[in-house]
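The structure appears right after this line, and notes come after that.
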Amino acid sequence: MNILNSYRLMIRNVRVNTDPGTLVFLVLMPTIYLVFMGYMFGTLISQIPVGTTSINYKEFLSPGIAAFETATAGIVAGGLLWSDRRYGMFEQILSSPYTRAEYLFGILLTTLVFGFIGSGIMMLVSEAFLDYTAISLMGVGLIVVSISLGSLFFGCMFLAIAAKVKSNQAYNSLTILIIFLVDFASTVFYPITSATPEALKILFYVNPLTYIADVVRAGYISTVTTTNLVELLVTLIETVVMVAIAVLLYRKVRVGVT
Amino acid sequence: MSGVLGLTSFPIEVQDLKYTYDGRKYAVDGISFSVREGEVFGMLGRNGAGKTTTIRILSTLLKRSSGSVRVLGMDPSTAGNRIRKRIGVVLQDESFDFTTVEKALDVYGFIWGVSKSERDKKRESLLNTFELTDVRKKRMWDLSGGQKRRVQVAREFMHDMDLLFLDEPTSGLDPIARRNILNMIKDLTKDGLSVLFTTHNLEEADYLCQRVAIMNNGKILASDTIDALKTGYNGLKTVEVKIGGDQAGAESMFSKVSSGRVEPPFESGLPYRIVTENTQETMQEIIKLAVTESVQIEWLNVRAVSLEDVFISTIAGGA
Ligand SMILES: Nc1ncnc2c1ncn2[C@@H]1O[C@H](COP(=O)(O)OP(=O)(O)OP(=O)(O)O)[C@@H](O)[C@H]1O
Ligand SMILES: [Mg+2]
């Protein structure tokens with residue numbers, strides 16, 4: 001496998017995906033969440049305890065939305081396999097000087113790129129209505145690691161779906177359903193409290209977006225607890241499992257040999 | 001085109017190739033053929049004959065079930081990547097990126113590692129050759145079917161290659177676009193490009209190909225130069241007879257023709273064809289029969305045997 005080839009495919013993926021539709025999806029939608037929920041709930045909710053301190057709702061929401069971008073990036077990148085298969089480019093690329101592994105790796109690089117672009121933009125957007133003190137170096141490290149893991153997890157999740165699903169309707173309704181579930185069954189918009197029903201808690205704790213949101217948030221306020229480290233570890237394990245599932249399903253996709 | 005083929009002068013060599021999709025029926029059932037350097041080799045055959053499957057195997061997209069295959073002197077099941085670097089493939093199914101025509105061409109050149117300046121040059125000349133300049137800013141999904149096909153074919157010429165697979169490249173193209181593409185391919189073969197070509201348009205195959213294989217049900221029924229295939233029909237001519245008005249009596253009338261072999265039309269409205277040695281005798285016989293059977297002849301025409309005649313009788317004979 002030649003990593004330069006995957007890099008080249010990543011550039012292609014980004015170039016054919018920087019259409020207005022993708023940008024709306026990647027920037028406008030989360031901005032709407034940020035602005036509306038930030039202002040509306042910001043007036044209703046006072047302080048939210050996080051780690052060893054407490055923050056206001058806007059401060060709570062902003063890192064959540066940055067984390068949320070990993071799932072959005074996953075849809076865009078994982079969905080590439082679906083549209084490449086559906087519109088013939090998968091076969092076309094595999095008859096060009098690329099191996100299947102290089103194609104797959106190209107998509108993983110793409111999910112990372114979109115994850116960082118998306119969360120980076122949302123961090124800048126939230127700067128506009130928050131007055132943060134600078135994020136510490138360790139905070140930056142935490143954010144980078146969790147955004148990477150999150151983008152990989154969701155990229156692989158949607159890639160796995162793209163490897164399985166054939167019809168347009170099935171793919172679209174499945175991704176919409178999943179993205180809603182993943183976003184709302186997480187700590188992107190609200191914290192888990194003692195009042196959260198047990199059944200929902202399970203859903204929250206299975207969902208890696210909960211951990212990614214928590215760790216990105218911890219990075220923002222530069223207060224890391226041991227819980228955050230455990231959360232990172234769980235995210236890592238879930239990501240490894242998801243990568244394995246995606247690779248297995250991808251290998252079953254017909255066409256292409258070496 | 002680099003045209004440097006290393007040791008072999010047969011860019012494609014296939015021996016007893018078999019492929020099955022489902023483990024039960026062979027889609028390609030023991031075919032052997034070879035393509036020479038600088039020639040256009042045509043694969044002709046009815047729908048489902050196995051042409052696309054063969055191209056998929058040779059272009060490393062499918063792994064053969066058995067037989068031996070050499071592409072540019074290498075085995076596609078082990079040297080896939082080295083082969084892919086030197087081939088171009090225009091698949092039968094449409095394929096496109098969700099972007100504009102000019103960007104689609106550029107991105108494709110990019111994934112082939114073509115430099116920016118070279119890409120710009122190639123893109124402009126291809127937009128011209130394929131008459132796409134008017135739609136260069138249009139997005140792929142806003143194009144007509146034939147325009148999409150043109151972009152797909154043009155795109156493959158963004159990079160150099162030694163061997164080109166064209167699976168029905170002209171399907172959906174208007175006659176002028178079709179001619180342009182055929183002439184471009186002809187020119188490129190002069191520089192040493194070898195081409196494996198499929199089409200259902202036999203006039204086109206006649207115009208472009210040096211040699212053809214006629215396939216049916218996964219097997220090659222005949223394979224030779226077009227001239228050699230036609231010499232099986234040496235001295236033979238085709239008399240075409242178009243029946244006007246009521247077609248009812250036509251079948252019984254043609255069953256009485258004894259001076260040549262009758263090929264009934266695929267669908268009503270097309271002429272009957274009689275392959276014959278003695279056109280004079282056949283025409284007299286038909287006119288006589290038309291009078292006695294009171295069948296109305298709309299027109300009658302004599303011409304040389306075409307590749308289409310060869311194709312039809314080969315398929316009929318092999319079925
Ligand atoms: N993906 C597939 N899975 C199963 N069977 C297939 C598949 N693709 C093709 N076949 C079968 O293999 C046989 C050969 O198909 P192929 O596409 O090679 O024909 P073809 O000669 O290219 O036909 P056409 O002129 O219609 O393009 C057909 O019977 C077809 O139904
Ligand atoms: Mg075909």
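No value in this document is a laboratory result; all are computed from the given coordinates. Note that the coordinates shown come from a computational prediction; the quantities given were computed from them, not determined experimentally. All Cβ positions, glycine included, derive from the backbone under ideal geometry; neighbour counts span all protein chains shown.
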Taking a cut-off of 30 Å between Cα atoms, list the lysines near A:LYS201, but don't count ones fewer than 8 places away on the same chain.
A:LYS58, A:LYS164
List, in the order given, every pair from B:LYS85/B:LYS219; B:LYS51/B:LYS230; A:LYS252/B:LYS103 whose Cα-Cα distance in the structure shown is over 26 Å.
B:LYS85/B:LYS219; A:LYS252/B:LYS103
Evaluate the protein assembly as shown: find the radius of gyration of its Cα atoms, find its Kirkwood radius, and give the ratio Rg to Rh.
1.13
If you take every residue apart from B:THR53 with its C-beta less than 11 Å away from the C-beta of B:THR53, what net charge results, scoring Lys and Arg +1 and Asp and Glu -1?
+2
Return the calculated 222 nm mean residue ellipticity for chain B, to the nearest 500 deg cm²/dmol, obtained by summing -39500 (n - 2.57) across DSSP H runs with n ≥ 4 and dividing by the residue count.
-10000 deg cm²/dmol
Residue among A:VAL50, A:VAL216, A:VAL16 with the largest mean-square fluctuation in a Gaussian network model of chain A, springs linking Cα atoms under 10 Å
A:VAL16
Suppose only helical runs count, i.e. DSSP H with n ≥ 4. What mean residue ellipticity at 222 nm does that imply for chain A under -39500 (n - 2.57) per run, divided by all residues and rounded to the nearest 500 deg cm²/dmol?
-25000 deg cm²/dmol
What is the order of B:LYS138, B:LYS116, fewest Cβ neighbours within 10 Å to most?
B:LYS116, B:LYS138
Answer rounded, prolate or oblate for segment A:66-169, using the Cα gyration tensor with square roots of eigenvalues a ≥ b ≥ c: rounded when a/c is under 1.5, else prolate when a/b is larger than b/c, else oblate.
prolate
Using a Cα-Cα cut-off of under 16 Å, which aspartates and glutamates could be cross-linked to B:LYS138, ignoring same-chain neighbours fewer than 8 residues away?
A:ASP19, B:ASP97, B:GLU102, B:ASP106, B:GLU124
Tilt of helix A:29-44 relative to the longest C-alpha principal axis of chain A, in degrees (0 to 90, nearest 10)?
20
Between segment B:205-260 and segment B:103-133, what's the alpha-carbon centroid distance in Å?
42
With Cβ to Cβ distances under 13 Å as the rule, what net charge do the other residues near A:THR110 carry (K, R +1; D, E -1)?
+1
Antiparallel as a % of all DSSP beta bridges within chain B, to the nearest 5?
65
Do you know the relative contact order of segment A:19-99, to the nearest whole percent, from alpha carbon pairs under 8 angstrom that are 6+ apart?
24
Note down the relative contact order for segment B:1-103 as a percent, whole number, built from C-alpha pairs under 8 angstrom at least six residues apart.
28
Is the shape of segment A:1-78 best called rounded, prolate or oblate, per the rule: a/c under 1.5 gives rounded, else a/b larger than b/c gives prolate, else oblate, with a ≥ b ≥ c the square roots of the Cα gyration tensor eigenvalues?
oblate
Whichever aspartates and glutamates have a C-alpha closer than 18 Å to that of B:LYS25, once near sequence neighbours (fewer than 8 apart) are set aside:
B:ASP16
